[in-house]
Amino acid sequence: MNRRPRIGDWQDYPELERLQNARLDRTLAAAARSPFYRKRADGVPSSRAELNDYPLTDKQDLRDAYPFGLLAVDRADLATYHESSGSSGTPTASYYTDEDWLDLVDRYARKHIAMEPSDTFLVRTPYALMITGHLAQAAARSRGATVVPADNRSLATPYAKVVRLLHDLDVTLTWSLPTDALLWAASAALAGLRPDRDFPALRALFVGGEPLSPARRTRLAEIWAAPIVEEYGATETGSLAGECPQGRLHLWADRAIFEVHDPRTGRTAAAGRGQLVVTPLYREAMPLLRYLIEDEVDVSYQPCLCGWVLPVVRVLGRYRLGAELTQLDVEERVFRLSAEYGVMFWRARTEGARLRIQIEVAESHQAPAVRDLRDALGRLHGAAVEVDPVPPGALVPAALLTAMPDVMKPRGLFSDGEDWAKALQYY
Ligand SMILES: [Zn+2]
């Protein structure tokens, strides 16, 4: 079966597994053309049963194979090349053909709030090397929407300019990190605008790229008076899960085989808590067999009211302290604080047995915010918790939210009285 499946094409999990297996031969044949898998001592698996026992492919394997060790097609057939973000020295490369892109676009466009020709869609994730900006752009174009390529980590689009675009263009949909949408809100407030009132065209915020706790999600929706639609994926794979109308993330198990790896036992299972493992099924340029994504997840096959026959995933992230405390736990407590306190930005670390957390909060709300958060985190963490209030601007400087830097082309010639300190400023 070559046609890419659509939700509703299968009625139950055995049928979904048959869909996966019908596609697996092509995936394994592609892997057999990849120098990385050909070199492996285990060879390339030839069946689902053999795949189940096959060693995982991890991020280090991808680094070792940089740049084209996993390439399973001619270089001439590639459409795009990407590298994922990360602080380590050796990059992680990924590449896709035009055919691969059809599947990528399909998966991203599976939103329960659909992109339409009448939409103005502001893409606020990076375009540089990563896939996320290009993916959102291609998916929106495929649905006829107007794309505003705002990018991220770019001098050309500081926060104040994003707010200006959202407002003046009547942007209807956005794509960003959840944190970025909080920064827009702070920037809008400094510009004298109210996010819940002055952006009436906004009908949804698509977010992804970092874990999002239920309380932060609710707060974001309140701040912007628009629904939040979550998405989960990686540059090496594209979208892996999207949200259903019930607000749950479902894995795109018609396009990939998913497993959960327990790093303590080394075992994998179809469901449960651990690290996500993915074998994409619609991929020719860079086949991946049992690719270990280091995010901690919880996968379940409990039925969902939406009726989709797709496993539900909760993404728990990578940052945790000891066995108990995750970043998501702390975030949840911060965003359960009364909205009236206006707390959006925080950071925390352990100091010995103590947990110390800083929150940005206006002086008028300091006392109740500190008290409520100390109580909530104390119940969660057990050990001593210290909450330090810091004034607005201490964690996220106001200058970052209001700056409008000049972005000039290189210039060498200036007239009398002009500021020639701007000469050659093309960076
Ligand atoms: Zn659902």
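Gaussian network model of the chain, Cα springs within a sub-10 Å range: biggest mean-square fluctuation belongs to which of G307, G274, G133? Sorting by GNM fluctuation, first place goes to G307. In straight-distance terms, cross-link reach from K39 covers every one of the lysines whose alpha-carbon lies under 28 Å from its own, apart from those fewer than eight places away in the same chain; here that gives K59.
Under a no-solvent Debye model with one identical scatterer per Cα of region 182-294, what's log10 I(q)/I(0) at q = 0.09, 0.22, 0.23, 0.24 Å⁻¹? Debye intensities relative to I(0), on a log10 scale: -0.35, -1.18, -1.25, -1.33.
The mean of 1/r over all pairs of different alpha-carbon atoms in region 119-239, once inverted, gives a Kirkwood hydrodynamic radius of 14.3 Å. Dipole check for region 1-88: with +1 at the C-beta of Lys and Arg, -1 at the C-beta of Asp and Glu, and the Cα centre as origin, the magnitude is about 280 Debye. In this simple spin-label model, placing a label point 7 Å from the Cα along the Cα-to-Cβ direction at both R141 and L155 gives a separation of 2.7 nm. Using C-alpha pairs below 8 Å separated by at least 6 residues, the relative contact order for region 44-124 is 22 percent. 3J(HN,Hα) along region 156-172: 6, 10, x, 4, 4, 6, 4, 4, 4, 5, 4, 6, 6, 8, 6, 4, 9 Hz, from the Karplus curve 6.51 cos²θ - 1.76 cosθ + 1.60 with θ = phi - 60°, whole Hz, x for Gly and Pro. Direction-averaged projected area, Cα convex hull, region 322-383: 4.0 nm², rounded to one decimal. Applying 1/(1 + (r/R0)^6) with r as the Cβ-Cβ distance of S47 and R203 and R0 = 56 angstrom yields a FRET efficiency of 0.75.
Spin-label pair R33-S300: with each label point 7 Å from Cα along the Cα-Cβ axis, the two points sit 4.1 nm from one another. Here region 176-290 is treated with +1 on each Lys and Arg Cβ and -1 on each Asp and Glu Cβ, and its dipole about the Cα centre works out to around 280 debye. Label sites at R318 and D416, each approximated as a point 7 angstrom past Cα along Cα to Cβ, lie 5.8 nm apart. Normalised by the number of residues in region 241-371, the average gap of Cα pairs under 8 Å and 6 or more apart makes the relative contact order 16 percent. P(r) for the chain, from all Cα pairs and a bin width of 10 Å, is 4, 19, 28, 26, 16, 6, 1, 0 %, short bins first. In a GNM of the chain with a 10 Å cut-off on Cα contacts, which of A234, A384, A188 has the highest mean-square fluctuation? So, out of A234, A384, A188, the one fluctuating most is A384. Taking R33, R197, R255 as the candidate residues, the one with maximal mean-square fluctuation in a Gaussian network model of the chain, Cα springs under 10 Å, is R197. When Rg and the Kirkwood radius Rh are both evaluated on Cα atoms of region 78-148, their ratio Rg/Rh stands at 1.02.
Comparing Cα centroids, region 333-395 and region 32-95 end up 43 angstrom apart. When all protein chains stay in place, what accessible area (Å², nearest 10, 1.4 Å probe) is found for K161? That residue has around 50 Å² of solvent-accessible surface. Once the 1.4 Å probe is applied to the protein heavy atoms, region 41-127 comes out at 44 Å² accessible per residue.
If you wrap the Cα atoms of region 245-396 in a convex hull and average its projected area over all directions, you get 12.2 nm². The amide H of E230, built 1.01 Å from its N in the peptide plane, has V207, E243 as neighbours under 5 Å, considering only residues 5 or more places off or on other chains. Based on C-alpha pairs under 8 angstrom that are at least 6 apart in sequence, the chain has a relative contact order of 15 percent.
Residues whose amide H lies under 5 Å from that of I359, counting only those 5 or more places away or on a different chain, are D388, V390; hydrogens are built 1.01 Å from N in the peptide plane.
The values are calculated or read from the model by the stated rules, or taken from the named source; none is laboratory data. This one's a predicted model, so the numbers in the text were calculated from it and none came from an experiment. When we count neighbours, we look across all protein chains shown, and the Cβ atoms used for this are built from the backbone with ideal geometry, even at glycine. Each accessible area value is taken on the protein alone, full model and side chains, heavy atoms only, with ligands, DNA and RNA left out. Shrake-Rupley method; radii C 1.70, N 1.55, O 1.52, S 1.80 Å.
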